[in-house]
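In what follows, a single structure is set out as structure tokens and then discussed.
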Amino acid sequence: MSDAEKQDFYCRGDMTEQCTGVTMASFNMLWSNWIRKTCSTTSAFIIVDVQNDFISGSLALKDAPAMQDGAEVVPVINRLIDQVPFNTIIYTHDWHPIDHISFIDNVGLRPLSINYTKAARDVQVLDAVEFADGQTQVMWPKHCVQDSWGGQLHEDLVVTENAVHIYKGQDPNVDSYSAFFDNNKLSQTNLVGELKGRGITEIFVAGIAYDFCVGFTALDALSLGFRVTLIEDATRGVVGDGIASMRQALIDAGAAIVEASQVKDMVLAYDRRPELAKFTLKNTKL
């Protein structure tokens, strides 16, 4: 923690806002509104899109530019499910209709922007296409079509009873990287309601893909006020530069980045990460 951050923390504990000292009254306020919240946790493990198409199907990560293997997240996630007492486990599913806007096969179904320089026939996978309605959409192979093999969770992934399942990307005209909102923030899933209804304060996220659906789910969770930890060895991505950029964006937004071996102590509140304490304080009204 930098000296400036330490000073900011100190000043937040001074009810006079003069940075002259923490009184018993201000300490009690900090205890109730920050320290106690930081030292206790009700946790959810969000397992993002561990589906066949991202592992060995039409959009397998091993064939993407970063050449990472999506199958490697499965045993790590399974161990976490077995060994860590999360309060809630949530599985998200990319769940697209056959005419979805993100499929490169469908690029000719919608008019392109007059400012977009490529013809539909020349568009490539990972191109960011500008449509006439103002949307910019990264193009992908057809994947995770509703009720298809590719849309199913991987057969080796442990799926617990009483888990929550969130289906996203069902609107044919807009993509949904985040498990909370579509990419235009015009509609949302029921994930926020599920979390708030269970009193969740802290989210652990893993799965596929780091630089897209995992990362945007984590960023939206932070924007909604949840403490967020990304489990890095239980996550794989698409493009190396995109993974690095998303990692930094998460750190800048207040997330913790950890390995799976560190998670149990965090859930049991033996390990309280300073970055999460900072996030809680900055989002607490004292």
message: Is it the case, given these coordinates, that Y116 is assigned to a strand (DSSP E or B) and more than 21 Å from A64 (Cβ to Cβ)?
response: no
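Per-residue answers, yes or no, for (1) among the hydrophobic types (A, V, I, L, M, F, W, C); (2) modelled with pLDDT under 95; (3) over 22 Å from I77 (Cβ atoms); (4) under 10 Å from the mean Cα position of the chain (by Cα):
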{"site": "E194", "(1), (2), (3), (4)": "no, no, no, no"}
{"site": "G197", "(1), (2), (3), (4)": "no, no, yes, no"}
{"site": "C213", "(1), (2), (3), (4)": "yes, no, no, yes"}
{"site": "R247", "(1), (2), (3), (4)": "no, no, no, no"}
{"site": "A260", "(1), (2), (3), (4)": "yes, no, no, no"}
{"site": "A277", "(1), (2), (3), (4)": "yes, yes, yes, no"}
{"site": "N283", "(1), (2), (3), (4)": "no, yes, yes, no"}
Extreme residue, most open to solvent (accessible area, probe 1.4 Å), among residues of the range 173-193 that are aromatic (F, W, Y) and in a loop (DSSP other than H, G, I, E, B): Y177
Within the range 194-209, considering residues that are in a helix (DSSP H, G or I) and touching a strand residue (DSSP E or B) at 6+ places or on another chain (Cβ under 9 Å), the one surrounded by the fewest Cβ atoms within 10 Å (Cβ to Cβ): E194
task: Check the range 88-98 and report whether any residue there is open to solvent by less than 20 Å² (accessible area, probe 1.4 Å), more than 30 Å from L281 (Cβ to Cβ), acidic (D, E) and in a strand (DSSP E or B).
output: yes
field: Inter-residue pairs, beta-carbon under 8 Å, first under 18 Å from K278 (Cα atoms) and in the range 231-259, second hydroxyl-bearing (S, T, Y) and surrounded by fewer than 22 Cβ atoms within 10 Å (Cβ to Cβ), 6+ apart
entry: A253/S223
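Suppose we filter L222, L268 for residues that are closer than 21 Å to L80 by Cβ, aliphatic (A, V, I, L, M) and more than 12 Å from the chain's Cα centre (by Cα); which single one remains?
On the way: L222 fails: more than 12 Å from the chain's Cα centre (by Cα).
When all the criteria are applied, what remains is L268.
Across the range 222-278, which residue is farthest from T41 (Cα to Cα) among those that are assigned to a strand (DSSP E or B) and open to solvent by 20 Å² or more (accessible area, probe 1.4 Å)?
Looking at the filtered set, the residue picked out is R236.
The values are calculated or read from the model by the stated rules, or taken from the named source; none is laboratory data. Every value quoted in this text rests on a predicted model; they were computed, and no experiment measured them. Please note: Cβ atoms are built from the backbone with ideal geometry, for glycine as well, and neighbour counts cover all protein chains shown. Surface accessibility is based on the protein's heavy atoms, side chains included, excluding ligands, DNA and RNA. Shrake-Rupley method; radii C 1.70, N 1.55, O 1.52, S 1.80 Å.
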